[in-house]
Amino acid sequence: MDPTTVRFVSSATALPAAALAAVYEAFREGWPRGGREASRAARVSASEQSWIDHAVRSALLPRAVELDQVRASLHSNSKSACVIAARAVHKRVKLSEAQYRALLDPFASAGVPVPDRDGTS
């Protein structure tokens, strides 16, 4: 996997539980306003999906109890949001600016370093 996606996954999954809850809520609110379409545009190959799923799951699994104590199902919800956002980072040059923002703005608002969509960082 490319280093930019690896860095994003590491930063996103390290957010405090309360921040992940806020990210998920913002992510969910944006879903009907472009998030769903953006997620479809950020499709990755099966091997890329497997890598992203494994990386996010491995980072969040040790925090499952902590996350679910903050809010029921936060572990699962955080995994979904992080996986979809990581796919967007990985496919960023193929997404429009609006699609990219729909999936990454919740993470940027929480302080996660989000790479430029044009692939320069």
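The values are calculated or read from the model by the stated rules, or taken from the named source; none is laboratory data. Since the model is a prediction, treat every value here as computed from it, not as a measurement. Please note: Cβ atoms are built from the backbone with ideal geometry, for glycine as well, and neighbour counts cover all protein chains shown.
Observations on the model:
- Among the residues of the range 1-18, those that are farther than 20 Å from Asp116 by Cβ and surrounded by fewer than 18 Cβ atoms within 10 Å (Cβ to Cβ) comprise Ala14, Pro16, Ala17, Ala18.
- Scanning the range 86-121 for residues that are under 18 Å from Val6 (Cβ atoms) and of a type in the set (Lys, Arg) returns Arg87, Lys91, Arg92, Arg117.
- Scan of the range 48-62 for residues that are under 14 Å from Ser11 (Cα atoms) and aliphatic (A, V, I, L, M), ordered by number: Ile52, Ala55, Val56, Ala59, Leu60
- Taking every residue in the range 23-36 that is at positive phi and pairing it with any residue that is surrounded by fewer than 17 Cβ atoms within 10 Å (Cβ to Cβ) and of a type outside the set (S, T, N, Q), at least 6 positions away or on another chain, the pairs with Cβ-Cβ distances below 9 Å are Gly34/Ala98.
- Hits in the range 31-72 - residues which are small (Gly, Ala, Ser), surrounded by 14 or more Cβ atoms within 10 Å (Cβ to Cβ) and farther than 20 Å from Ala102 by Cα: Ala55, Ala59, Ala64
- Every residue from the range 67-110 that is in a loop (DSSP other than H, G, I, E, B) and over 12 Å from Val23 (Cα atoms): Arg71, Ala72, Ser73, Lys91, Leu95, Ser96
- Subset of the range 8-33 (residues that are charged (D, E, K, R) and either closer than 14 Å to Lys79 by Cα or in contact with a Pro (Cβ under 7 Å, 6 or more places away or on another chain) (or both)): Glu25, Arg28
- Residue, farthest from Arg43 (Cα to Cα), within the range 91-121, restricted to residues that are surrounded by 20 or more Cβ atoms within 10 Å (Cβ to Cβ) and of a type in the set (A, V, I, L, M, F, W, C): Val112
- Ala46 vs. criteria free of Cβ contacts under 8 Å to residues at least 60 places away in the same chain and within 15 Å of Met1 (Cβ to Cβ): yes
- The condition of being of a type in the set (A, V, I, L, M, F, W, C) and in contact (Cβ under 8 Å) with a residue 24 or more places away in the chain holds for only one of Leu61, Leu15, Leu104, that being Leu15.
- Meets criteria (in contact with a Cys (Cβ under 8 Å, 6 or more places away or on another chain), at pLDDT 95 or above and not hydroxyl-bearing (Ser, Thr, Tyr)) for Ala110: no
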